[in-house]
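Just below is one structure, and these are the notes that go with it.
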Amino acid sequence: MKVKKIFITGGAGFIGSHICEEIFQSFEGSNIIILDKLTYAGKKKYLKNIIKSPRVKFVKGDIRNYKIYKKLLKNVDIAINVAAESHVDNSFKSPLSFTSTNTLGAHIFLLSCIENNVRRILQVSSDEVYGEMIRGKCNENQKINPTNPYSASKAAAEIIINSHKYAYKKDILTVRGNNVYGIRQHPEKLIPRCIISLIKNKKIPIHGNGMNQRYYLSAHDFAKAIVLLIKKKDRGIYNVGSETEYSNIKVAKEICKLFKKEPSKNIKFVKDRPYNDKRYSISVNKIKKLGWKQKDNLINDLPQIIEWYKKNYKIFNI
């Protein structure tokens, strides 16, 4: 399949900007249309490496704006929905905004793609739709069991989107990623929050006892997985994740070490969120059979990430 035009929502966000860069490099003959609302977590400057190209068009807009799609989706071959409210803490405070963007927004995106004859659709989801996994790993056939408003909104979007592959015979890919790390991530998330806290000589706040376990995949590895799936698969659900597990307190201590600061003096434990899953874990055997594998490592990448935040932390206005 020759890909002439690719449409991406949420392309100015942390994960979205990395996906846009990878697609730009991997599909040299393709034009890219990027839609982003430019909320607090998205910045046009994240696209500075590609946005000046005549192949790239940026449009500021909301994925819930039904009218915006008719012109943007004309002759689009592949549409990718990355746009989302993603911070779990915020989802407890404002659950309806997550349902509105992540579920209703995804539904409007999907229907617009169908009406405009987009050939292939890719929905970026989350490993959190599986819910807590104390032991073992979830494969793609596992029943979903979301446990917070964020993951529930993503699970609802999946159900709506995947139902249309039967009714409309559409080629739909759903990608469930685990925690993603890298530059440009908003400091509401653990790694940049740890880094910026130490840059500003403040203590790192850690939820509960810090023993919650997470897997971390680099934004580059995740973006490469997206490109691989576009090239090799028309439909289906794929987990994409790391195979290295860290507790929250372990991550904080590793960052303290790189700052040459004593963890006991620079970490504080704060009230936990209303429900905080102890562990997520996904099997990536399915996508590995296509030739994908994790290349980056969190601990190895932390020094360069820290350097980026030292130079850029003021853009977050915190």
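Assess whether LYS60 counts as being modelled with pLDDT of 95 or more and either more than 25 Å from ASP171 (Cα to Cα) or outside the structural domain of ILE226 (by TED's automatic domain parsing) (or both).
yes
From LYS268, LYS295, LYS260, LYS232, grab the single residue that is surrounded by fewer than 13 Cβ atoms within 10 Å (Cβ to Cβ), closer than 15 Å to LEU198 by Cβ and in contact (Cβ under 8 Å) with a residue 24 or more places away in the chain.
LYS268
Of the residues that make up the stretch 72-87, is at least one surrounded by fewer than 17 Cβ atoms within 10 Å (Cβ to Cβ) and either basic (Lys, Arg) or modelled with pLDDT of 95 or more (or both)?
Yes, some residue in the stretch 72-87 is surrounded by fewer than 17 Cβ atoms within 10 Å (Cβ to Cβ) and either basic (Lys, Arg) or modelled with pLDDT of 95 or more (or both).
For the stretch 17-134, which fully contained strands (runs of 3 or more DSSP E) count at least 3 residues that are closer than 26 Å to SER163 by Cα and of a type in the set (S, T, N, Q)?
Qualifying strands (runs of 3 or more DSSP E): 120-126.
Counting only residues that are surrounded by fewer than 19 Cβ atoms within 10 Å (Cβ to Cβ) and among the hydrophobic types (A, V, I, L, M, F, W, C), how many does the stretch 37-49 have?
1
Among the residues of the stretch 283-307, how many are in contact with a Ser or Thr (Cβ under 8 Å, 6 or more places away or on another chain) and acidic (Asp, Glu)?
Counting residues in the stretch 283-307 that are in contact with a Ser or Thr (Cβ under 8 Å, 6 or more places away or on another chain) and acidic (Asp, Glu) gives 2.
Do you know which of the residues in the stretch 151-192 that are among the basic types (Lys, Arg) and within 17 Å of the chain's Cα centre (by Cα) is surrounded by the fewest Cβ atoms within 10 Å (Cβ to Cβ)?
Filtering first and then ranking leaves LYS189.
From the list ALA225, ALA252, which one is over 22 Å from GLN142 (Cβ atoms) and touching a helix residue (DSSP H, G or I) at 6+ places or on another chain (Cβ under 8 Å)?
ALA252
Filter the stretch 206-220 down to the residues that are within 12 Å of the chain's Cα centre (by Cα) and not small (Gly, Ala, Ser) and list them by number.
Of everything in the stretch 206-220, those that are within 12 Å of the chain's Cα centre (by Cα) and not small (Gly, Ala, Ser) turn out to be TYR216, LEU217, HIS220.
The values are calculated or read from the model by the stated rules, or taken from the named source; none is laboratory data. No experiment lies behind these values; they were computed from the predicted model shown. Don't worry about glycine lacking a Cβ; one is built from the backbone with ideal geometry, like all the others, and counts go over all protein chains shown.
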